[in-house]
1. Name the residues in the stretch 209-260 that are under 18 Å from Ala133 (Cα atoms), touching a residue at least 40 places away in the same chain (Cβ under 8 Å) and within 15 Å of the chain's Cα centre (by Cα), would you?
2. When you scan the stretch 189-259 for strands (runs of 3 or more DSSP E) that lie fully inside it, which ones turn up with 3 or more residues that are in contact with a Gly (Cβ under 9 Å, 6 or more places away or on another chain) and under 18 Å from Ala156 (Cα atoms)?
3. From Ser40, Ser25, which residue is within 14 Å of the ligand (Cβ to nearest atom) and either more than 22 Å from the chain's Cα centre (by Cα) or closer than 21 Å to Asp290 by Cα (or both)?
4. Within the stretch 61-87, restricting attention to residues that are β-branched (Val, Ile, Thr) and either surrounded by 19 or more Cβ atoms within 10 Å (Cβ to Cβ) or under 16 Å from Thr303 (Cβ atoms) (or both), which residue is farthest from the chain's Cα centre (by Cα)?
5. I want to confirm something. Restricting to the stretch 118-132 and keeping residues that are within 13 Å of the ligand (Cβ to nearest atom) and not aliphatic (A, V, I, L, M), which single residue is farthest from the chain's Cα centre (by Cα)?
6. If Ala97 passes every condition in (1) surrounded by fewer than 21 Cβ atoms within 10 Å (Cβ to Cβ); (2) more than 16 Å from the ligand (Cβ to nearest atom); (3) of a type in the set (A, V, I, L, M, F, W, C); (4) closer than 17 Å to Val256 by Cα but one, which one does it miss?
7. Kindly evaluate Ala115 against the criterion of being over 15 Å from the mean Cα position of the chain (by Cα) and small (Gly, Ala, Ser).
8. Select from the stretch 125-148 the residues that are among the hydroxyl-bearing types (Ser, Thr, Tyr) and at pLDDT below 95 and list them in ascending order.
Amino acid sequence: MHAVRLTHLATPLIDDDIPEPPLVSGDVLVDIRAAGICHSDAHYRAGGGSVTLPLTLGHEIAGVVAGTGQRVALHYLHGDGRMLGKEVDGGYAERIAVPAANAVPIPDGVPFEAAAVMMCSTATAYHALRLAALRPGESVAILGFGGLGASAVQLAQFIGASRVFAVDRVEEKLDVAASFGAIPAAVDELRDIDVVLDFAGHPATTLQALRSLARGGRIMIVAINLRELAIDPYRDVLAAERHIIGVSDHTREELVELLDLAHRGAIDISRVITRRVGLQAASINEVLDDLDRGTKHLRTVITLSF
Ligand SMILES: [Zn+2]
């Protein structure tokens, strides 16, 4: 079958012909219909993260179970903690074998490509808001407006946030944020924010956002590129009883809840998908290059037609 793979770190992905995935007991074989291209994939291609080579990238996957036709989206973590598209082969391919428990049924009316994207960026945004224990009437600020931000705005509005601010250095992204109902803002304009979602990971911005928090406010660290943050523990955290909270991955239960929210029309993730490409290395590498540079696109999905 055709797969687009990473064979050496810091080199372009290649088109490859590999054997059908071996099916062990308890697995299901899934014909892939959509696979999201995530910023993490650009990070893995560049040599960040402990990937197992050679590797088929892609951890935002939706398709149909071979034989039964059941529409499913895939939870990307195996029970043992290994991740699809990182430690085991992922979704930039025609088919994938996964433990049956990882295949989450997609409700009617939710397209494959939306379901695929929900497996990572939307799920991470949802997990962050759950860990933040966002309550109706609280204010939210989003640092870095991309696929995560666009999901987070819709979810925060659904939970009942009073106002949702968006901070980004790219003017066009602020326009997109506004179209989703967020209020474009500069970080130094933020005051008395209850929950900050840091999807950007620029230390100076993170620090300013921490200082904008209301008493008891929470800043959620989601960005994987934030390495160091110099804080004054008394002034920045202790005195106002602020919380700095790390966010990593999400749970299968949250995926089921999210797909149900999409089914009920509470969130519309189709709006986050702004570009589609085929399963070819050249076009996927271009998207990853674009992500490395800082793209204007929210989310790109590989679509496979049958
Ligand atoms: Zn991802």
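The values are calculated or read from the model by the stated rules, or taken from the named source; none is laboratory data. Since we're looking at a predicted model, the values are computed, not measured. Glycine also receives a Cβ, built like all others from the backbone with ideal geometry; neighbour counts cover every protein chain displayed.
1. Hits for the stretch 209-260 are Met220, Val222, Val247, Asp249, His250, Thr251, Glu254, Leu255, Leu258.
2. Counting at least 3 such residues, we get 193-198.
3. On the way: Ser25 fails: within 14 Å of the ligand (Cβ to nearest atom).
From the options Ser40, Ser25, the qualifying one is Ser40.
4. Here the answer is Val64.
5. His127
6. (4)
7. No; evaluated as a whole, the condition is false for this residue.
8. none
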